[in-house]
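Everything on this sheet refers to the single structure shown next.
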């Protein structure tokens, strides 16, 4: 195992609302760094109706031309300065701790994209993320990683990370501490053996966890359990309480047949809201 086991006592909410078939479920009662979402009401579809924004980076400058009968001139407007996120210092996640997040407390106009499982590996995803300057944090199971490690390596090269989503995607609260440790830490060990290092995040399958989950994750050196506030499904998205996507939200997607279409809709909505996808690793670095 990759770290010393420390016993902690955290109470995790177990009450979950049902999402779409095959979709992870949200945990409205989990205490995290963000405000408690409105309840009841999740999931309430906040689905866009078009997917026309598959491309189109925002303009960084403009050119104006004026003409008269005798002269013609062109004036170039300099692009605005590039903003680097995060705009304020962040506190690294300390070694030997485990925290739970469904959003990041930030005033920056950013959200965070996470992708789970790894079953369908669409080659269009990486170019689409690059087109929008986006990175993604991955949570994988053993089978997909074994089948196609080169595909997921592209996400690491683009600034993301690969993290444990357990070996076999079980419902963790149904397992004892030893078995949970094998599922969580064993997957982290496989990621490290494949890529030379593993991410320091963990996502429990279905979003379900208990005290033993947190003990096991902390024991193998993981720093944070990541949940979500927005989920991508069937060409649209859902948010907790039906509210708009907001700065700091963690967004959940899955490597499935609909992922590309879901991301096209997501990026169009983020453009409309003035939000961009930032690196989760930049906002929650390991100490």
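Assorted remarks:
- In Å, descending, principal axis extents of the Cα set of the range 97-283: 47, 34, 28
- Model label points for residue 193 and residue 282, set 7 angstrom from Cα along the Cα-to-Cβ axis, are 3.4 nm apart.
- Taking only the C-alpha atoms of the range 95-146, the Rg (one decimal) and the largest Cα-Cα distance, Dmax (whole number), read 14.2, 39 Å.
- Mean separation of Cα contacts under 8 Å, 6 or more apart, over the residue count of the range 133-203: relative contact order %: 36 percent
- Annotation: peptides 256-262, 160-166, 132-138, ranked by per-residue average of other Cβ atoms within 10 Å with the highest first, follow the order 160-166, 132-138, 256-262.
- Full-stretch length increase - residue 84, residue 148 - with 0.36 nm per residue and alpha-carbon distance subtracted: 19.8 nm
Rule-based calculations on the coordinates, nothing more; no lab input. It should be emphasised that the depicted structure is a prediction, and the values quoted were computed from it without experimental measurement. Using ideal geometry, Cβ is built from the backbone for each residue, glycine included, and neighbour counts are taken over all protein chains shown.
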